[in-house]
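The values are calculated or read from the model by the stated rules, or taken from the named source; none is laboratory data. Quick caveat, the model's predicted, so the values are computed rather than measured. When we count neighbours, we look across all protein chains shown, and the Cβ atoms used for this are built from the backbone with ideal geometry, even at glycine. What goes into the accessible areas is simple: the full protein's heavy atoms, side chains included, and nothing from ligands, DNA or RNA. Shrake-Rupley method; radii C 1.70, N 1.55, O 1.52, S 1.80 Å.
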Amino acid sequence: PKATFGRRLAQCLCVRVLELTVQASGKMLATRLRAPRNLFRAHRALACIAAATLVGVQAGVQAEAAAKPTKEQQIEGAFFGALVADALTLGTHYEYDANKIKSFYGNLDRYYAPGEKTGGATHGIGWGQRNYHGGNGRGPAKKAGEQTDYGDYNILILEHLAAHPTGRIELKTLVPRWQERLKTWRAWMCTQTRQTNEQVMQGVLLDRIGGMSNAMAIRHAAAYAAFSSEEDVVHASKVAMFTHRETSALQGGEFFARVTHRIIHKGLSAREAIAEVAAESPDFIRNKVKQATDKVAEATDPAKALSKEEFADDLALTSMARLWDVGKTEPIKVGKASPTEGTLPGSVYFILKYEGDMAGAMTANAMVGGDNASRAIAIGMVMGAAQGVQGIPKNLGKGHLVEWEHCEALLRSLPLLKDAPRAEL
């Protein structure tokens, strides 16, 4: 992060000044041994400079320590980072035209209702122009500061964990809660949600429910407050994605589960955690992470044409996956759509390109459009863990995110947060 780099640079400069001062004093001592008064003055000046230098170094160290989030702040940051990033996409979710988004919204740095500036609808290629979060006849349309379906699923898992704070997540208790929630589900109800609900109603065994969608659907952001074990968190990520059975979707969820856990519990940076987990992952994950890191290098290299493009992020994401011609009115740009082959490298791209700038990454992701909500959960969860809950902009936090207070109380009731001093959160 730029702030940390600046502090460390200042510390290095202070130490170098001290070294040069000592060298100069030595030379003075060698040439003025017969001038006691001058020698005394030189030593007195050296002492003053050294003292000031050490005070500056100590202040820099203290400032850096104060800026580093506690583990509890990282856990809250992972959850609320996911929700905030998701809510920021509500206005443009499933709008695939980045030019249109910029034209109507300018810079997306506050919450909007679905399609608020585009007639109350967004253009989901292949599914038509509509309000994708219009209430489903189960309640009012979503409003600014609320969640898309991705955020609502993460809240559902939080509520389940709060009701069952010990032991791993089990479908036999999760599914009934989910079915009850569907009665008032006001966000987009995806194909896998509808299909899985039908399977359950038909009596399909719980270990066989779910469809073969390759869309990444991360729903376990609250699990970091419940489990300290990485394997328990991975288990939660897979069970929470019970509507999906396809391999790449589950691998994507597991990848970000492990990355976030290692940021919180091993003290790794987002970049370090991504590299470490990718090295241990299946070929599909490794290749997609490399694709993303290569694209970041291209997009940030002044010598490359991509870095000079006005819509560089949009072009970067589109280039990282195929065009999907499904017989609709126009091909779907998979790099911006729901399949994991696009959402995973797209998420990694934003995390790395905007490293240390959570607000910048959230905004840039929302501006690209497509299934920006799927990417938002991964981006917010990882960057929230890295920067802590205090890294969330005030205008997007408590008092602005509709579900903040409700979720905060539940999150702080979970095992890893319930005994934490409130001053740390």
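Among the listed pairs LYS100/LYS353; LYS288/LYS353; LYS100/LYS394; LYS394/LYS418; LYS143/LYS336; LYS142/LYS172, those with a Cα-Cα distance over 21 Å are LYS100/LYS353; LYS100/LYS394; LYS394/LYS418; LYS143/LYS336; LYS142/LYS172.
A simple count of charges around ARG138, restricted to other residues whose Cβ falls under 9 Å of its Cβ and scoring Lys, Arg +1 and Asp, Glu -1, yields +2.
If you take all other residues with their beta carbon under 13 Å from the beta carbon of PHE80, and give Lys and Arg +1 and Asp and Glu -1, the sum is -3.
Protein heavy-atom accessible surface, 1.4 Å probe, per residue over the stretch 345-418: 27 Å². Taking all protein chains together, LEU161, LEU268, LEU205 sort by accessible area into LEU205, LEU268, LEU161, largest first [probe 1.4 Å].
Across the stretch 142-149, rounded Karplus estimates of 3J(HN,Hα) from the backbone phi angles (6.51 cos²θ - 1.76 cosθ + 1.60, θ = phi - 60°) give 4, 10, 4, x, 8, 9, 7, 4 Hz, Gly and Pro being marked x.
The base-10 log of I(q)/I(0) for the stretch 143-202, evaluated at q = 0.22, 0.25, 0.28 Å⁻¹, reads -0.97, -1.16, -1.31 [Debye formula, identical scatterers on Cα atoms, solvent excluded].
Computed 3J(HN,Hα) for the stretch 233-245, one whole-Hz value per residue from the Karplus formula 6.51 cos²θ - 1.76 cosθ + 1.60 where θ = phi - 60°, is 5, 4, 4, 4, 5, 6, 5, 5, 8, 5, 7, 10, 10, glycine and proline marked x. Ordering of 169-177, 361-369, 344-352 by packing is 344-352, 361-369, 169-177, highest average first (other Cβ atoms within 10 Å, averaged per residue). Annotation for the stretch 241-264 versus the stretch 356-425: alpha-carbon center distance of 18 Å. I need the fraction of alpha carbon pairs in the stretch 174-293 separated by more than 24 Å, rounded to a whole percent. Counting pairs separated by more than 24 Å, the tail of P(r) holds 33 percent.
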